[in-house]
Structure formats: C-alpha cells, structure tokens
Amino acid sequence: MTQKQLRIKINGDTYLMYEGQSVLEACRSAGINIPNLCYLEGVSRRASCGICVVEIEGARTLVRSCVTPIREGIEIFTNTGRVRKARHTNIKLLLANHPRNCLECDKNRQCELQKLSDDLDVRDTSYPKIRKKHYDIDASSPSLTRDHEKCILCARCVEVCSQVQSVDAIEIAERGMEAHVSTFFNKGLDASECVNCGQCLLVCPTGALMAKHETGSVWKAIDEPGRHVVVQAAPAIRAAIGEEFGFEAGMPLTGTLAAALRKMGFDRVFDTQFTADLTIIEEGNELISRIKNKGVLPLITSCSPGWIRFAETFFPKLLPNLSTCKSPQQMFGTLAKTYYAEKMNIDPSKITVVSVMPCTAKKFEARRPEMNSAAEYWRNKGRRLPGGTRDVDSVITTRELADMIRESGIDFARLTGEKFDEPFGISTGAGTIFGATGGVMEAALRTAYAELTGKSLKDLNLKAVRGMGGVREASVDINGLTLKVAVAHGLKNAREVMEQVSKGKSPYHFIEIMTCPGGCIGGGGQPVPATTDVREKRIKAVYSEDESMPLRESHKNPAVIALYDEFLKEPLSGVSHSMLHTEYSRRDLYPGI
Amino acid sequence: MKAALKKEIDGIIKSYDGTHGSLLGILEEIQKRNPHNYLPEKTLAYTAKKTGIPPAKVYGVVTFYSFFSLIPQGKHCISICRGTACHTKGSRKLLDYLRSSFEFEGDTGGDAKLFITTKDRYLTVRTVACFGQCALAPVIEVDGKIYGSVTVEELKKILKKLKGSRQ
C-alpha cells in the first residue's frame, strides 16, 4: 500500500510527509522536537497537556499538534514568540497545582515535568493552586504508589492500562477542579483490577505513579552481621542496567552486573537464569505429561505475575490451563532456603533472599501468602522458621538496583566483568531468553524436542516465535507430533488469545504469555524511557547473549542436573511439586453481584 | 444483590440492545427506578459486568455528570440555580428559605455544588451552576420540572403541592 505524500512547510522549510500524520509526528520526523507531556506514540493523544501547541498559517488560534492532521500545503511554525509564550503559560498552569518539593520526590531528576520546566526556562509559578480536593497517597498495592497531588491529569496511565493492557483499572473521575485518576469508587489499587505491571509508571511524566521502594530493607540485611544475603538477578536486568549508567540501550552487561552486585556486599551473587532453566525442565515435562495423559490444554506459562493476577481476575475458569510451575524468582527463593541452606550448611533463618527484577509485579508475587514453601519444608523436618518467613524477602527493580549502585560509590562503567557464583549462578542461553517475549517458548521447545527425540534441534534459533508481533504462532514437528504454539505479550494481546481458549476454539498445545510489551525487558521496573525502539534493542541484547553462551539448552545445565540428582530426584516428583509448583485462586473483586 | 433487581437491570440493558453509547441512558433509567434515586455501588458493579464496560469507566461516567448520584436522594429534589443571573435575581433567598424550613443532614454551609438531603429523606436540595435559562432567573428545578422567576412566596406554594407535603 502506498501512502499519499503531502508537501508541507515547517518553519519555512519544505518537507514531503505522509497523509495521516499529525503535525507533531511530521515535525518529529523532520527532526524538530515538539515538547509534550501527554502524547504517547500509538497509544494516547488526549491533547490534555496543552504543551505541544504550534502556529498554523491562517489559523486563528494556536493548535495542539498531537491531534492536528497535516494537509497539503500546510505551513507550520513551531518556534514563534506566540508559541513559546503559550507553552510557558500552559506549563505554569500545570505547575500551579503541582507540589514544588522536588527534592523529596522519588522522581527527582527523572521527572518529565521538571525537565520540561527547566528546558523551557520556566522558573516562576505565578498562578495560584486551584485544585481543592485532597486525596491521600494510595499505598495499598505491594508494587505501586499513587499520589494525586503530583498528577497533571495527562491520562497516559489510563490509556496504557486500557489500550495496551486492557486491564482498565483506572479512569478520570469527576471533572474540572475535582478531576482525578480513580479506580472504581476510588478504592485502593490493590482492591482494583490492577495487576501491578507498572506500565503506567513507565509513562507517568511526574512522580504521581511510583514503584514501591525496598532498598532500605536490602541495605539493612547486608549490614546485619551474621546474615547471609544472597541475590538473584533476572535475565532482563543485564540487558537494561547499562541504560542507567549512560550506556546505549541494547548493551548486555552480565559480567559487570555480577561484579557490581558483589561489590555492593551481597554474600552470594546468583542468577535467576538458573531457575529459569529449572522452570523449563518442570514446565516442559508438564506439557509432555498433559499431552500424553490428555490433561487440560493449552498449557499456558506462569512466569509473569501480572499475567497470573490478570488470569485470576478476568479468566478464573481457565486457571486449570495455567502451568502449576512457580516463576523462576519463586523457585529460586524456595531452593535458596532449603537445598542451598542444607548443601552449604547455613542456618535457613539467617538467609535473606533478595531479587533484582525488571518487574513491579514481582514485589506482589513474593508477598503472595502461598509463597512460603521453605518454611513448610523446615516445619516438616521439625524446625520452625521465624513467623512471616517468605521464600523471597525483598524484591528490587532495575532502577532501585541502579540507585543502590550509585549510593555504593561504584563506578559501574569501569567495572571489570565477573562471573556469578556457583551453584545457582550457572545457566544456559535458554535461561537468558526468558527475558524477551517468545523466549520461554523457545527455551521450552529446545528442551521438549530433545526430551522427546533424544537429540537437539538442528537450529536452536526458533525465529518463528521471536519478534514484536502482538500474537505469534508456530508449529514444530516432533516425532510425528505437530506441536502448535502461540506467544502473546501485552495483556491486550493475551486477552485476545484467552478469549479464544475460553470459547474452546484454541488450536494450540502451549501458549506463552508475558504481561509487558516486549516481555520482561519492557517490565515496569526497567529504566525509563522504555519506548518500542528501546525495547527492541534490549531484545537484541538478550538474543546476542544467548548465542554467546556455551550451553543453550536448559536440560544441559550441569547445576540443574546436580540439583535433580541431589534433591529433587526427577521432574514433577513429589519434592518438585511441594517446592517448585503452586496453585492459583480466582479473584472476585465484586462479590455478591 | 437481589435477583429481582438484577432482572430489572438486565431488562434495561437489553432494551438498549448493545447500542454504542447507551451507557448514559441505561444509568439514567436505573437511577430513576431506584427508590432513593441513586446508583449504589453494587448496582454499578453489576451494570459494568453486564454491559462489559470496565467498572472504572462506569464510575468515571457517573461522577462526570452531576445528574447521577452516588448517595441516596430525597423523595423530592429541588435544584437551585446559582449562576450569576439567578444570583442577582435572588436565588440565594430561595436557598436560605429551604435551609430555614428543613433540617438537612451534613450541611456544611456554602452553596457551591451543594447536595443536601433531609434526615427523613423527604427532600434533597442541590445547587447547579447554570440552567441556561437566564431570562427566567431565578430558575429552580423541582422533580424534573423547571420553574422560572421564582419568589419565596411561589416556592412556598410549590412545596405545598409536593406529594406528601408537610408545609
């Protein structure tokens, strides 16, 4: 399809642009930046912030460039006195209702409103505050906090929650001076449809939406004498942490990450990729067993805690389709306080497990009441761990880790690469690709193929399940069985796939679902900005890391093999079930209706 | 939630037959049929479920339009215009008269976005910014009917005519 081209003028220069583009998009592709605080490419154009105004020849008033389409011969002016003055006024109006205590704000130095005020040289805020209603900070969620006072009502969060995730937990309620972002009846986020994915806070231009902080408890554990603090880093961290320290997006920094964690003072530096490999063994066997024994199909992956909460809320009838495997984070926590404690002869009550995750929902996952298998394990052995013991004690995001590295005075860019510790630091390329959409599927297929045929896939690169397409499908021939699989990322795409399953029309054996666009590399705990371009670069980093690994199939991981020999015995064994598997429960948000 | 109420809501939703943009009409009817002329939380949650419109969006719509109420209203409802024209023509006096004649619950004074109801839920009084009928100032609305050029004397007559009047 050829798109019609239009001849337009921007600031006196002539350009050829495509019909259907907005003035803002046309200016951007001509290399002219138009500031804005509410527009989100492909997701939102609410035109609420009023910052992107430009002058159009012949137009009586200034227009908002995000919602004005270009037309043949249009003459646009982006840098006139009138434009500058209007932008100043509009940003001052936003600041009138915004707190000025930037130093006390988590978003300090990363706030778009703060940066834009500085860029536009707005120093004084001469307008009085007109917003009258005060709302308390909503800290009900284990993952996120909402502070209405800092909200500028751009509604990016509302649009992402709806358009990208189809969760629709929030909407603008009331109007005028009383307007605010609200859940149903202004309940706390934790009592709403919110799945804790944090895609909203990635796009929030202010500190109105923030991830819950846990750095304090991590430092406390590290500083406590006699405490054995182990850290696990998720696959997606190494593909993005560099962005916090001035590296280009897409630079895998595995060795640097391990070195930084060690310098911070963790006693053992482990890799969640180890339990990602383990997940593949358990989940791969679960798939084979369900196919052989005519169990519930399609089997759907369960690593992504936002997706789990989504399924519990919106598709409770399909919970039997979910793999019973815990996520790699939780498998790690359980094993660290059982197998590892026994093997290394460490008192399990002295072990603190810290996770570094690209994800805000992992904070929620670690607090799920059933995630305390280690305590259960020791209770069965006649040993009581302190009350409230959880398998994973603290979960910090990539951003929190970067804060801690800076606080430690570590010069991240100059670190020499180091290795993760044994035994839980040993992993394969299959574990690495867990961080990208399609990665769990690809890792599972590599192992399932080997399990059923006794030999490895000729080409380990299963390109059919890679990419950024919302829903991707593939078939793999294994010994006469045509295994049909699908991959979805972003919950709107997941909903589409689930509705098909709901109607009994799903042709697949196995479905991978990741909550966030691009998979974990695009998680709510990752560095900002997380544009599609940045997400694609991080995915590239993940696959290049996979190709550089000597082992690329989970079942070849020697530490995993040893774990089965010494502790678990075999996949899906009794021990495996009590340690590595879990169950789900429906979430009835509106009981009695 | 009672089965009868669910059935009633089902019927209302069905009468709109999934027409796009029908939420306003549906909510209006549901509120009208509520004995206290309001939209309880469970009713809205049920409506959201049945229409497939996310609960937060339903809440956004309900709180946007001042017509909808989330708290029980009195048997009768009087809206008093507090726009500039009505104010200069004495709408404050009408409000003062109502306040002196009835005992309202939770009346914290003032007259912007007022929404007060008597203890026995006989009467709700609210203020609106403007009816757009300034030529008839001062304007009030009583149980959906508009009255223009209202004086305190006339208001007394209107109150007397209300069903179950105690004036």
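Derivation of every value follows stated rules applied to the coordinates shown; laboratory data play no part. Worth saying up front: this structure is predicted, and the values here are computed from it rather than measured. Counting neighbours? That spans all protein chains shown, and the Cβs are built from the backbone with ideal geometry, glycine included.
Electrostatic tally near residue B:148: other residues with Cβ closer than 13 Å to its Cβ, Lys and Arg +1, Asp and Glu -1, net 0.
In a shell of Cβ-Cβ distance under 11 Å around residue B:111, excluding residue B:111 itself, what net charge do Lys and Arg (+1) and Asp and Glu (-1) give? Mind dumping the intermediate values first?
Numbers: positive: B:82, B:92, B:99, B:113, B:126; negative: B:96, B:107.
Within the 11 Å Cβ shell, the charges total +3.
Taking Cα atoms only, the orientation of helix A:254-264 departs from the longest principal axis of chain A by about 90 degrees. Between the C-alpha center of segment A:203-244 and that of segment A:157-197 there is a gap of 26 Å.
With 21 Å as the limit, the listed pairs A:362/A:537; A:317/A:505; A:362/A:556 have A:362/A:537; A:362/A:556 beyond it between alpha carbons. Lys/Arg Cβ at +1, Asp/Glu Cβ at -1, dipole of the protein assembly as shown taken about the Cα centre: which of A:102, A:170, A:504 is farthest positive-ward? Farthest towards the positive pole: A:170.
Please work out the Cα center distance from segment B:1-49 to segment A:434-509, rounded to the nearest Å. Segment B:1-49 and segment A:434-509 have Cα centres separated by 43 Å. Sorting the segments A:190-202, A:494-506, A:172-184 by their residues' average number of neighbouring beta-carbon atoms within 10 angstrom, most packed first, yields A:190-202, A:172-184, A:494-506. Taking Cα centre as origin and charging only the Cβ of basic (Lys, Arg, +1) and acidic (Asp, Glu, -1) residues, the dipole magnitude of segment A:5-91 rounds to 380 debye.
If you count, for every residue in A:170-177, the Cβ atoms of partner chains within 10 Å of its Cβ, what is the mean?
On the way: counts 5, 10, 5, 8, 6, 5, 3, 1.
Whole-number average of other-chain Cβ neighbours for A:170-177 is 5.
Each of B:81, A:204 was scored by other Cβ atoms within 10 Å of its Cβ. Arranged with the fewest first, they read A:204, B:81. Restriction of the trypsin sites (Lys or Arg not before Pro) in segment B:88-148 to DSSP coil positions whose beta-carbon has at most 12 other beta-carbons within 10 angstrom yields B:119.
The relative contact order of segment A:5-91, computed from alpha carbon pairs under 8 Å that lie at least 6 residues apart in sequence, is 35 percent. Only lysines eight or more places from residue B:156 in sequence, or on another chain, were considered; those with a Cα closer than 18 Å are B:75, B:89, B:93, B:145. Within the shell of other residues whose beta carbon sits under 11 angstrom from the beta carbon of residue A:282, the net charge comes to -3, with Lys and Arg scored +1 and Asp and Glu -1. Other protein chain C-beta atoms within 10 Å of residue C-beta, averaged over B:56-68: 6.
Can you tell me how much longer the chain between residue A:528 and residue A:590 gets when fully stretched, taken as 0.36 nm per residue apart minus their C-alpha distance, in nm with one decimal? Numbers along the way, then the final one.
Working: separation 62, 0.36 × 62 = 22.32 nm, distance 3.45 nm.
So the extension gain works out to 18.9 nm.
Using +1 on the beta carbon of Lys and Arg, -1 on that of Asp and Glu, and nothing else charged, what's the dipole of segment B:1-133 about the Cα centre, debye to 20?
On the way: 20 positive and 12 negative charges, 23 e Å.
Dipole magnitude for segment B:1-133 comes out near 120 debye.
Shown is the FRET efficiency for residue B:145 and residue A:140, computed with R0 = 30 Å from the Cβ-Cβ distance and rounded to the nearest 0.05: 0.10.
Report relative contact order for segment B:2-103 in percent, whole number only (criteria: Cα-Cα under 8 Å, sequence separation at least 6).
Details: 62 pairs, mean separation 22.8, N = 102.
Relative contact order for segment B:2-103 comes out at 22 percent.
Which whole-number percent gives the relative contact order of segment B:76-161, counting Cα pairs below 8 Å spaced six or more residues apart?
Working: 134 pairs, mean separation 32.8, N = 86.
In percent, rounded to a whole number, it is 38.
Just rank A:77, A:412, A:310, A:266, fewest to most, by other beta-carbon atoms within 10 angstrom.
Working: A:77 16, A:412 21, A:310 27, A:266 24.
Ordered from fewest to most neighbouring Cβ atoms within 10 Å, A:77, A:412, A:310, A:266 come out as A:77, A:412, A:266, A:310.
Based on the mean of other beta carbon atoms within 10 Å per residue, what is the order of B:129-141, B:11-23, A:81-93, A:234-246, most packed first?
Working: B:129-141: 18.1, B:11-23: 12.3, A:81-93: 16.2, A:234-246: 25.8.
Averaged packing, sorted descending, gives the order A:234-246, B:129-141, A:81-93, B:11-23.
With the crude spin-label approximation of a point 7 Å out along Cα→Cβ, what separation in nm comes out for residue A:190 versus residue A:296? Computed distance between label sites residue A:190 and residue A:296 equals 2.7 nm.
Would you mind pulling out the separation of the Cα centroids of segment B:76-138 and segment A:277-303, in Å? Cα centroid of segment B:76-138 versus Cα centroid of segment A:277-303: 66 Å apart. The antiparallel fraction among DSSP beta bridges confined to chain A stands at about 55%.
Just checking the listed ones, B:128, B:61, B:142: in the Gaussian network model of chain B with Cα springs under 10 Å, the one fluctuating most is B:61. Each residue in A:378, A:307 was given a count of other beta-carbon atoms within 10 angstrom of its own, and listing them fewest first yields A:378, A:307.
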